[in-house]
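Student: Attaching a single structure in structure tokens format; questions to follow.
All of the numbers you see were taken from the coordinates with simple rules; none came from a lab. Remember, it's a predicted structure, so these values are computed and weren't measured experimentally. For neighbour counting, all protein chains shown are included, and Cβ atoms are generated from backbone atoms with ideal geometry for every residue, glycine included.
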Amino acid sequence: MKLARPHILQLYRRLNMLSLPLPLPLLLCGLVFRPLVGAASFCTKADQCALDAISQAPAAQARYDHTRIYSVELTTATQVGIMQALEEASDSCGFMGHARMPDQKLTIMVTGHKVADFDDLLHTYNISHRILNYNFQELIDANYLEVAPENTPAEEFDWKRYFQLDSIYGWLEKLERDHPDVVKVLDMGLSTQGLPIKGVKLAFGGENLTSVFIESGIHAREWIAPATATYFIDQLLHSKDAAVRALARSQNWFIFPSVNPDGYRYSFTGDRMWRKNRQIFGICRGVDLNRNFPLSWNTTGASGNPCKYDFSGPAAASEVETQRIMQFLETHVESERIRTYLSLHSYSQLIMFPYGHTAERVENYADLKEIGQLAAARIKELTGRVYKSGSIYETIYPSSGGSKDWAHSQLKVPITFTFELRGPPDSQEMFILSAKDIEPTAREAFAAVQTIVEEAAKRGYYQ
Ligand code: 0X9
Ligand code: ZN
């Protein structure tokens, strides 16, 4: 079923041609975005407003009271068509992936005022389903209580809580002070809203080493990703395990915990479920940076509508965050011999490799498949968690404009994997992973990285 393309982007382009200082719809509605202020405006006594305790809150915070999470199973073409039409028509139903074909499971988040309509639709069209969660806000409230205050001293950094951007950056700076011979803090440049995109280079020394590049947090709400990236850094620097020490010294490491800092900040201050960057397009904000890379841009599994969660942007590589990542890689891929590109996401417990936009196999498909499966087996052995491995197209869903696809195809980085970390595909928590899961999730992912690098080395990729 071909869906009509919405016109908001065209409207935005026209507004731009008129060079209006602010998008017209916002001016007309008096909806000018207010700067961050000290307190939330609409917390009632009944609300927990846990968020206020941990950060400077913006004027309003998104709430998910009585929002339900449904898992639906589509079996007929009619049911697929119904769900496609629903996604197009309603922003009260948040889809995780798109309805594409019969025999597909889909997770959908339905706001409180639409649960009756949605339930009715499921029964009318005989769509089998399970309710995974009845009140998503409860999870979010509990999750915000697991966030360390802003500017938590670097000495208190750990993997028992979630940390905000300033605390992560403060911790990186401390590592550089503590290990000046090994750690160098890097800055890719500023984001759309002017935040630095910081990371580290870890280099223990050694001639002609190859490098691993790790990009994390491109999707703001996937908090487990930055937490896992910082765990990797800690292990590489501090582990006493002989095999880990050897791994750390076998490569140079470029690790950027949060390549979408504006989105990450907003997921604490405004909307826990925010995914994209914070660029403004008329009445909506945000480009899905993992749809914005210039490889088969906007061809599949991406939207041309800035109000949708997978908006690919007004043009390929339109976003400064995308440009910073591309520029960094283009500058360093040869000089630093970057041969491995890993990106961290959640959820679904997958270890995926290119491509996302086509079923066509990459030239080293067989190696990547075997390496991915070995990494998944390592996780099973370590924590008992079941991860699956395969190409993005085969395992999760078709999507275009992803960062690793670009790195593999354009920069010829041979070993490229995207992790979807915990929880499982039918997770009841989705992106809201309890802080007690940080350590085991990061530990199993690190073991998988170790397997990937060791296996790639055995196969001659780093010579
Ligand atoms: O949709 C995505 O971008 C990823 N899943 S997530 O739930 N973390 O949002 C899958 C990314 C794989 N796609 C490409 N690299 N093309
Ligand atoms: Zn993601």
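Student: How large is the charge dipole for the range 160-281, taken about the Cα centre, if only the Cβ atoms of Lys, Arg (+1) and Asp, Glu (-1) carry charge, to the nearest 20 debye? Present the calculation step by step, with values, prior to reporting the outcome.
Tutor: Working: 16 positive and 13 negative charges, 70 e Å.
Here the size comes out at about 340 debye.
Student: Say each of HIS113 and VAL386 gets a label point 7 Å from the Cα, pointing the same way as Cα to Cβ; how far apart are those two points in nm?
Tutor: That separation, rounded to one decimal, is 4.0 nm.
Student: Same structure, new question: What order do you get for GLU146, GLU321 when you list them from fewest to most C-beta neighbours inside 10 Å?
Tutor: GLU146, GLU321
Student: On to the next question. Return the FRET efficiency for the residue pair TYR397, ASN208: r is the Cβ-Cβ distance, R0 is 35 Å, and the value is rounded to the nearest 0.05.
Tutor: Efficiency at R0 = 35 Å is approximately 0.35.
Student: Same structure, new question: How big is the dipole moment of the chain about its Cα centre under a simple scheme where the beta carbon of each Lys and Arg is +1, that of each Asp and Glu is -1, and everything else is neutral? Debye, nearest 20, please.
Tutor: It works out to roughly 600 debye.
Student: Among the GluC sites (Glu not before Pro) within the range 184-274, which fall in a DSSP loop and have no more than 12 other Cβ atoms within 10 Å of their own Cβ?
Tutor: GLU207
Student: Also, I was wondering about something else. What is the antiparallel percent of DSSP beta bridges lying wholly in the chain, to the nearest 5? Don't jump to the answer; show the numbers that get you there.
Tutor: Details: 30 of 55 bridges.
About 55 percent, rounded to the nearest 5.
Student: Per 0.36 nm of contour for each residue apart, how much would the distance between ASN151 and ALA243 grow if the chain were fully extended, relative to their Cα-Cα spacing?
Tutor: 29.7 nm
Student: Place +1 on the Cβ of every Lys and Arg and -1 on the Cβ of every Asp and Glu in the range 277-333, take the dipole about the Cα centre, and give the residue among PHE311, GLY301, GLY282 whose Cα lies farthest towards its positive end.
Tutor: It is GLY282.
Student: May I ask for the net charge around LEU344, where only other residues with Cβ less than 10 Å from the Cβ of LEU344 are counted and Lys, Arg are +1 while Asp, Glu are -1? Intermediate values should be presented prior to the final figure.
Tutor: Details: positive: none; negative: GLU215, GLU222, GLU420.
After counting each charged neighbour, the total is -3.
Student: Right, here's the next one. Return the calculated 222 nm mean residue ellipticity for the chain, to the nearest 500 deg cm²/dmol, obtained by summing -39500 (n - 2.57) across DSSP H runs with n ≥ 4 and dividing by the residue count. Please list the in-between numbers first.
Tutor: Working: 15 runs with 164 residues, N = 463.
Mean residue ellipticity, 222 nm, calculated: -10500 deg cm²/dmol.
Student: Turning to a different aspect of this structure: Which Cα, out of SER427, HIS219, ALA246, lies furthest along the positive dipole direction of the chain (beta carbon charges, K/R +1, D/E -1)?
Tutor: Farthest towards the positive pole: HIS219.
Student: Give me LYS404, LYS184, LYS308 ranked fewest to most by other Cβ atoms within 10 Å of their Cβ, as a rough exposure proxy.
Tutor: LYS184, LYS308, LYS404
Student: Specify, per residue and in Å³, the volume enclosed by the convex hull of the alpha carbon atoms belonging to the range 54-203.
Tutor: It comes to 174 Å³ per residue, whole-number rounded.
Student: While we're here: Give me the extension gain from SER90 to LYS174: residue separation times 0.36 nm, minus the current Cα-Cα distance, reported in nm with one decimal. Could you put the intermediate results ahead of the total?
Tutor: Numbers: separation 84, 0.36 × 84 = 30.24 nm, distance 4.65 nm.
Value of the extension gain: 25.6 nm.
Student: Also: Give me the number: length gained by fully extending ALA359 to LYS105, i.e. 0.36 nm times residue separation minus the C-alpha to C-alpha distance, one decimal in nm.
Tutor: 89.5 nm
Student: State, to one decimal in nm, how far the label point of THR78 lies from the label point of ASP187, with both points 7 Å from Cα in the Cβ direction.
Tutor: For the pair THR78/ASP187, the computed spacing is 6.1 nm.
Student: With the calculation restricted to Cα positions, what are the radius of gyration and Dmax of the chain in angstrom?
Tutor: 21.7, 67
Student: Among all the lysines, which ones have a C-alpha under 23 Å from LYS412's C-alpha, if same-chain residues fewer than 8 places away are not counted?
Tutor: Straight-line reach from LYS412, under 23 Å: LYS201, LYS369, LYS404, LYS458.
Student: Something else: Spin-label point model (7 Å from Cα, Cβ direction): what's the ASN126 to SER318 distance in nm?
Tutor: Going from the ASN126 label point to the SER318 one covers 4.3 nm.
Student: A further question follows. Looking at this model, which pairs from LYS174/LYS198; LYS114/LYS436; LYS380/LYS436; LYS114/LYS308 are more than 21 angstrom apart at the alpha-carbon?
Tutor: LYS114/LYS436
Student: OK, next. For the range 341-404, with the dipole built from +1 on Lys and Arg beta-carbon atoms and -1 on Asp and Glu ones, taken about the Cα centre, which of LEU342, SER400, ALA376 lies farthest toward the positive end?
Tutor: ALA376
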